[in-house]
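One structure is given here, and the rest of the page talks about it.
The values are calculated or read from the model by the stated rules, or taken from the named source; none is laboratory data. Predicted model only: the values in this text are computed from it and were never measured. Backbone-built Cβ (ideal geometry, glycine too); neighbour counts: all protein chains shown. The protein model used for the area step is the full one, side chains on, heavy atoms only, and it has no ligands, DNA or RNA in it. Shrake-Rupley method; radii C 1.70, N 1.55, O 1.52, S 1.80 Å.
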Amino acid sequence: MLKKTASSIYYIFKTILKHDKLLLIIILVNNLFVMLSILSPIIFPQYIIDSLVNNEDFQTTSKYIFIFSITAISSSCISYLLKSSIYLRSMTMRFRMIIEYGKKYISMDYENFENPEILDLADRGSRATQNNASGFEGIVHKFANFGGNILTAVTLFSILSFLSPIIIIAIVILLIVNSFIERKLNKYEKRTMDELVNVERKYNYILKFLNDVGYYKDVIMFNMKDMIFKKIFFLRNIKLSSAKSIQNRHEISNNIISLLSSIQKLIVYLWIGNIAIKGQITIGQYTMYVASVASFYNTIKSIISDFLYIVLQGESIEDYRKYVKLATTSDDANCVELTDNVETIKMENVYFRYIGQNDYALKDINLLIKKKEKIAIVGLNGAGKTTFIKLLTKLYEPTNGTIYFNGIDSKKINKGSLYDAFSVVFQESNLFAFTVAENISMVPLKNTNVKEISSVLEKVGLKDVINNLPKKIEHPVLKIIDENGINFSGGEIQKLSLARALYKNGQIMILDEPTASYDALSEERIYRQFNDLTQDKTVIYISHRLASTRFCDRILVFEDGRIVEEGSHDDLLLKNGRYAELFHTQAQQYREEDHK
Amino acid sequence: MDSHKQDWKSNAINTLIYYAKLLYQTRKSFFAAYIITIIFNGVLPVINVILEKELVESVIDKSIKTFSLYTVIIVAINLFSMIIINRLSNVMNSVYELVQNDFQIKISDKITKLNLETIESGEFHDQLEKAKTGISWYSGGIVGITNNVSLFISSIITICGTLTIIVKFSISVVFFIILTSILNIVVTALAQKRDANFRKRLVTVNRKLGYFLNIFTDRKITKEVRLYKADELIEEKVNNFLDTEWKEERKRTTYGNKIRVLIDVINYANQTFLYLFFAWKTIRKAITISSFTIYLNAGITFYNGIINVTTQYIEIEKNSSFLKEYMTFMQLPERNKQIKYTNILPHKIKTIEFKNVSFRYSNSEKFALENVSVKINVGEKISLIGPNGAGKTTFIKLLCGLYEPTFGEILIDGVPLSQYDEMEYLKKISAVFQDYKDFAFTIAENIAVDNVDIEKLYSVLDAVELSAKIRALSKMENTNFSKEFDESGVEFSGGEKQRIAIARALYKDAEFIILDEPTASLDPLAEQQIFQLFKKIIDNRTAIFISHRMSSCLLCDRVILFENGKIAASGKHSSMLNNELYSKMWEAQSKYYV
């Protein structure tokens, strides 16, 4: 436990040292001013009061008053300025950490996304940078006071030990009892909340979809509201009754703590008052000791709670550290760049199984794809087509078997150079809240070839749509960043995605159901241009529209993770196997006589 | 300016009344607890100031007896008030917990009562976010504002209490304190004005920040980011955004620093003056040492009281502007207008007629549908086709009563739809939307909602050819759909989900059934199954089918072709082939299968 904490603290300081040495100095200096700002109102007033009691002249008294004021003002102001600088600097660092985290996320092995352990680690690690009151920033803010509090406590301890050990003992006993009660309370709270995790999850799930515009139509159409609200009120009541029981415990423990601290105050004040009355200390000292007792108690309390906070939040830092240290890509040192044109792609006895699954998603795939070949992949939903694409593009590594590019084992090929070879249109494409041009070029606007953008937009049939936008290709996409941004329809998104692939101009083009949301004419348009669009490219085309497969030189039919048939459209129809069955099923829908 | 101020005041008061009512309705005893707490918080500091004077006096007088007595009294009074305040805050907290929790439920409830058009509008998302932010802990929410009001009032009590102590001694000192506190207030108010501008931007900035900080970790995009090497682009965008916001934030903090230092100096100047003033009086023997403490403390408490009143006033202004967003959201016009419906919907609808119906989205100039007239007779099978964006889905939403026509009328058996109870009408219509959703509840609940009839359930499951699969599950129809709620839940494939959605539509027993692009991502066999289902099940119902698969037209009695928001042609498939656009579309797909 403490080892973890130590390691997380070490990591935090290492990070600060690496990126912002000044922040470290600011934190250190701030601790001194924190101490000063706590101690000055405790120590100085006694001199003022004593000088009054001793009937000293106004000049002496006012000297004390000015010293007190100047110390108080300067320590308060300086500490404020330092803290606000810590706020800005630690926030910058947190953002830097978020970016580092994000870059890791998009550069770590893609297969990690199938690994629940790593996803879990990533999840927990993200808590380190969630907001400025927890994780990294939370701990930094605590460190801005922590040392100062310890110094204050030590100073007050020595002040009070002049007086009597009994007072210190009374305070310490109260602190111990106090932490004991709080610990019990926290444990109870944590247990209750743990039991509630499931309830919370369900509750949040329901709230989330009720706030999601997408669900509205179904909820209204099928009159689901009563059922859903019955569920949510049921969950709410469980939540509230847990909250109530925690509240009640809080009340009891607060009362116990109040009672104990009253007893402590009684003992301490009577003791100090007593010796003041006996004349052993001055009136001024009397006020100082009274103030010291309260301050000592509070300082120790915040040291304890800050420490527990650091231990707790340190866990997320540890997770963050472990996550960021994950291997980026499995590229080892003797990887080669894929510089030449891809003449052949060969799969030899390739098997693939998802983590945690028993069945193979792909089995015994053997295949040779030559340059400029046009391959169609056909098969039922869930036959392994998309997995095949992920293996081919090296997002996944085969569980068994080897994939060769130009005869080189793909494991030995640098991922980045392989990615360059592919232009992929995914089944579900995503747009970013950047400009239209950037969504196509995927590089910053200044590096985008504007001419090429217009040309690919023309090819996919979006030229008019984009030219009608006020800012044309520089128009922002999505409304999340810019209110004037444009939301595209499903068909338009697919077209933009195709434009993106064309712009990239990779040697190998992969099209995963690129026309599912197209209307008949747009689909036909793309079909007609198919050869034009894919000239000189190796093409892999996944489609349920068996009309499109006939542009291809070769068709692969997938079933249950295997390639069950292979050949040209005509060959496969002659063979009268699975492909022919699928084709006739679809063809028959277009024959009027079959519907009579 | 003045009218603006006035405006704000009535706004803030309205807001306060709204939430006070809410708290009162939640628990009647809330305000009793609330008022007692305020009194305690207001009076206690005054009592402490007075008693501490006695304490110091007894030390100076060397009277151990009085000293002990006062110590006991102080400790006892404070303990007693702590216990009472603990009790009361428990009472209040449980009210807060309930109210705070139910805000989200109320927002969700409100959403289900709004128009689809409102929800689909661009501003809605912002309004919803603002309402949620308004009630969140982050902006103080209702707990914040009740605390503000409570502190505001108790500070006034404290001011009055300490004032009576000092005023007896010196009026001029009172004036001085008021003067410095006014100085403080002016500076604070100045800073506040600037801060208000920043707060206005806050919701938007946070939304953008959320987008940029989470963009890397959006699982949906990671494939694209990798294969297109978009990390450079994303990083640049994120850095640009952070740079701009960072500069704003630094400007804000630098300004805040100046203000804060200024205020600190004013506060300490006041304190120093009080020290000097009372020390001088003590040295001149005008007051005793013990009076020195009491006057000094009273002076400082008085000053802090004034400052507190102002800060709380500002906080109330600020928080009520946040809370107002929730109020505004809850006052959005609702779908069901609660008028008395003049007509009772016929038991069996014979026709639905669109008469010169036009529809325009509220923030758009172009009509999505223009002057559409069409009559749908009971029992008809209709196929809606047309290019992307031709108005098919808008037509369906109008038909379902989810949108209201901008111009023209929809007639049910000749009577305008607006004269019927919309919920009754919805019972007659069933639809599988293009973006239909499933819920992480049980299979039975997904299909039958809260009206489960096992026999009927399995008959629709039979119809969609899923009953064998469901019967094979250990918990059968009570199996959870997806693992979201329950580890033992079952994940279904895309085709199966689609069939469950169709089962839901069938179970509803509506006269009209609408299927919007149900086969876009299905393989040929699954598509064929859906087509056959359509023929088989929908025999005696009126059905409307939207698809980009032209073959669906053969399943239907009538084809309606949409183009640019208008009906371009309609009729049987065979006669439609004479239409140029239609025959082009038909040819485009069917030629590959000949």
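Of all residues in region A:509-540, how many are among the β-branched types (Val, Ile, Thr) and within 12 Å of another protein chain (Cβ to nearest Cβ)?
3
Among (1) polar (S, T, N, Q); (2) more than 23 Å from A:TYR216 (Cα to Cα); (3) within 29 Å of the chain's Cα centre (by Cα), there is one condition B:SER383 misses while meeting the rest; what is its number?
Against the list (1) polar (S, T, N, Q); (2) more than 23 Å from A:TYR216 (Cα to Cα); (3) within 29 Å of the chain's Cα centre (by Cα), B:SER383 comes up short only on (3).
Of everything in region B:210-264, what is surrounded by 15 or more Cβ atoms within 10 Å (Cβ to Cβ), without any contact (Cβ under 8 Å) to a residue 24 or more places away in the chain and either more than 23 Å from A:ILE99 (Cα to Cα) or aromatic (Phe, Trp, Tyr) (or both)? Give them in sequence order.
Scanning region B:210-264 gives B:TYR211, B:PHE216, B:TYR228, B:TRP246, B:THR253, B:ASN257, B:ARG260, B:VAL261, B:ASP264.
Looking at A:SER74, A:SER107, A:SER90, A:SER62 in this structure, which one is of a type in the set (Ser, Thr, Tyr), touching a residue at least 60 places away in the same chain (Cβ under 8 Å) and surrounded by fewer than 20 Cβ atoms within 10 Å (Cβ to Cβ)?
A:SER107
Quick check on region B:16-55: of everything there that is among the β-branched types (Val, Ile, Thr), under 29 Å from A:LEU270 (Cβ atoms) and open to solvent by less than 30 Å² (accessible area, probe 1.4 Å), which residue is nearest to the other protein chains (Cβ to nearest Cβ)?
Filtering first and then ranking leaves B:VAL49.
Exactly one condition in (1) more than 10 Å from chain A (Cβ to nearest Cβ); (2) modelled with pLDDT of 90 or more; (3) more than 19 Å from A:VAL268 (Cβ to Cβ) is false for B:LEU69; which is it?
(3)
From the list B:PHE407, B:PHE441, B:PHE395, B:PHE433, exactly one residue is surrounded by 22 or more Cβ atoms within 10 Å (Cβ to Cβ) and more than 14 Å from every other protein chain (Cβ to nearest Cβ). Which is it?
Exactly one of B:PHE407, B:PHE441, B:PHE395, B:PHE433 is surrounded by 22 or more Cβ atoms within 10 Å (Cβ to Cβ) and more than 14 Å from every other protein chain (Cβ to nearest Cβ), namely B:PHE395.
Which numbered condition in (1) within 30 Å of B:ILE60 (Cβ to Cβ); (2) at pLDDT below 90; (3) within 14 Å of chain B (Cβ to nearest Cβ); (4) open to solvent by less than 60 Å² (accessible area, probe 1.4 Å) is the only one that A:TYR297 fails?
Going through the list (1) within 30 Å of B:ILE60 (Cβ to Cβ); (2) at pLDDT below 90; (3) within 14 Å of chain B (Cβ to nearest Cβ); (4) open to solvent by less than 60 Å² (accessible area, probe 1.4 Å), A:TYR297 breaks only (3).
Consider B:SER570 carefully, then state whether it is more than 11 Å from chain A (Cβ to nearest Cβ), in a helix (DSSP H, G or I), out of contact with any Phe, Trp or Tyr (no Cβ under 9 Å at 6 or more places or on another chain) and more than 27 Å from B:ALA448 (Cα to Cα).
When the stated conditions are applied, B:SER570 does not pass them.
Please find, among A:ASN211, A:ASN248, A:ASN223, A:ASN254, the residue that is more than 30 Å from B:THR118 (Cα to Cα), at the interface with chain B (Cβ under 8 Å from one of its Cβ atoms) and surrounded by 15 or more Cβ atoms within 10 Å (Cβ to Cβ).
A:ASN254
Where residues in region A:560-594 are more than 11 Å from chain B (Cβ to nearest Cβ) and closer than 30 Å to A:ASN358 by Cβ, which of them is least open to solvent (accessible area, probe 1.4 Å)?
So, considering only residues that are more than 11 Å from chain B (Cβ to nearest Cβ) and closer than 30 Å to A:ASN358 by Cβ, the one least open to solvent (accessible area, probe 1.4 Å) is A:GLY561.
If you take the residues in region A:451-503 that are surrounded by fewer than 19 Cβ atoms within 10 Å (Cβ to Cβ) and of a type in the set (Asp, Glu), which one is modelled with the lowest pLDDT?
For region A:451-503, the residue satisfying everything is A:GLU483.
Do any residues in region B:52-76 that are free of Cβ contacts under 8 Å to residues at least 60 places away in the same chain have Cβ atoms under 9 Å from those of residues that are outside any helix (DSSP H, G or I) and open to solvent by 30 Å² or more (accessible area, probe 1.4 Å), where the two are at least six apart or on different chains, and which pairs are they?
So the pair list comes out as B:LYS62/A:LYS278; B:LYS62/A:GLY279; B:ILE64/A:LYS278; B:PHE67/B:ASP61.
Looking at B:LEU116, B:LEU151, B:LEU128, which is the one that is in contact (Cβ under 8 Å) with a residue 12 or more places away in the chain and under 19 Å from B:GLN312 (Cα atoms)?
Result of the check over B:LEU116, B:LEU151, B:LEU128: B:LEU151.
Hey, does region A:450-469 have a residue that's touching a strand residue (DSSP E or B) at 6+ places or on another chain (Cβ under 8 Å) and more than 9 Å from every other protein chain (Cβ to nearest Cβ)?
Yes: one or more hits.
Kindly indicate which of A:LEU32, A:LEU22, A:LEU17 is over 31 Å from the mean Cα position of the chain (by Cα), open to solvent by 40 Å² or more (accessible area, probe 1.4 Å) and either under 30 Å from B:LYS237 (Cα atoms) or of a type in the set (A, V, I, L, M) (or both).
Only one candidate passes the filter, namely A:LEU32.
Among the residues of region A:119-139, write down those that are farther than 20 Å from A:THR299 by Cβ and open to solvent by less than 30 Å² (accessible area, probe 1.4 Å).
The answer is A:LEU121, A:ALA122, A:GLY125, A:ALA128, A:THR129, A:SER134, A:GLY135, A:PHE136, A:GLU137.
Looking at the structure I just gave you, is B:ILE349 of a type outside the set (D, E, K, R) and surrounded by 20 or more Cβ atoms within 10 Å (Cβ to Cβ)?
No: the conditions fail for B:ILE349.
Kindly establish whether A:PRO41 is in a helix (DSSP H, G or I) and surrounded by fewer than 19 Cβ atoms within 10 Å (Cβ to Cβ).
Here the answer is yes, as A:PRO41 does meet what is asked.
Can you name every residue in region A:226-235 that is facing chain B (nearest Cβ under 7 Å) and touching a Phe, Trp or Tyr at 6+ places or on another chain (Cβ under 7 Å)?
Answer for region A:226-235, where residues must be facing chain B (nearest Cβ under 7 Å) and touching a Phe, Trp or Tyr at 6+ places or on another chain (Cβ under 7 Å): just A:ILE232.
If you check A:TYR64 against the conditions, is it in a helix (DSSP H, G or I), more than 38 Å from the chain's Cα centre (by Cα) and within 14 Å of chain B (Cβ to nearest Cβ)?
yes
Would you pick out the residues in region A:515-543 that are modelled with pLDDT of 80 or more and under 36 Å from the mean Cα position of the chain (by Cα)?
Answer for region A:515-543, where residues must be modelled with pLDDT of 80 or more and under 36 Å from the mean Cα position of the chain (by Cα): A:VAL539, A:ILE540, A:TYR541, A:ILE542, A:SER543.
Determine whether region A:122-142 contains at least one residue that is free of Cβ contacts under 8 Å to residues at least 40 places away in the same chain, under 26 Å from the mean Cα position of the chain (by Cα), within 14 Å of chain B (Cβ to nearest Cβ) and under 30 Å from A:LEU391 (Cβ atoms).
yes
Any residue at all in region B:130-150 that is in a loop (DSSP other than H, G, I, E, B), over 30 Å from B:ILE50 (Cβ atoms) and in contact with a helix residue (DSSP H, G or I) (Cβ under 6 Å, 6 or more places away or on another chain)?
Yes; the residues of region B:130-150 include at least one that is in a loop (DSSP other than H, G, I, E, B), over 30 Å from B:ILE50 (Cβ atoms) and in contact with a helix residue (DSSP H, G or I) (Cβ under 6 Å, 6 or more places away or on another chain).
Can you find a residue in region A:266-278 that is over 28 Å from B:GLU97 (Cβ atoms), away from chain B (no Cβ under 14 Å) and buried (at least 19 other Cβ atoms within 10 Å of the Cβ)?
No; the residues of region A:266-278 include none that is over 28 Å from B:GLU97 (Cβ atoms), away from chain B (no Cβ under 14 Å) and buried (at least 19 other Cβ atoms within 10 Å of the Cβ).
Out of (1) crowded, with 18+ Cβ neighbours inside 10 Å; (2) within 7 Å of chain A (Cβ to nearest Cβ); (3) within 36 Å of the chain's Cα centre (by Cα), the odd one out for B:MET550 is which?
That leaves (3) as the condition not met.
Every residue in region A:470-484 that is at the interface with another protein chain (Cβ under 9 Å from one of its Cβ atoms) and in contact with a Leu (Cβ under 9 Å, 6 or more places away or on another chain), please.
A:LEU478
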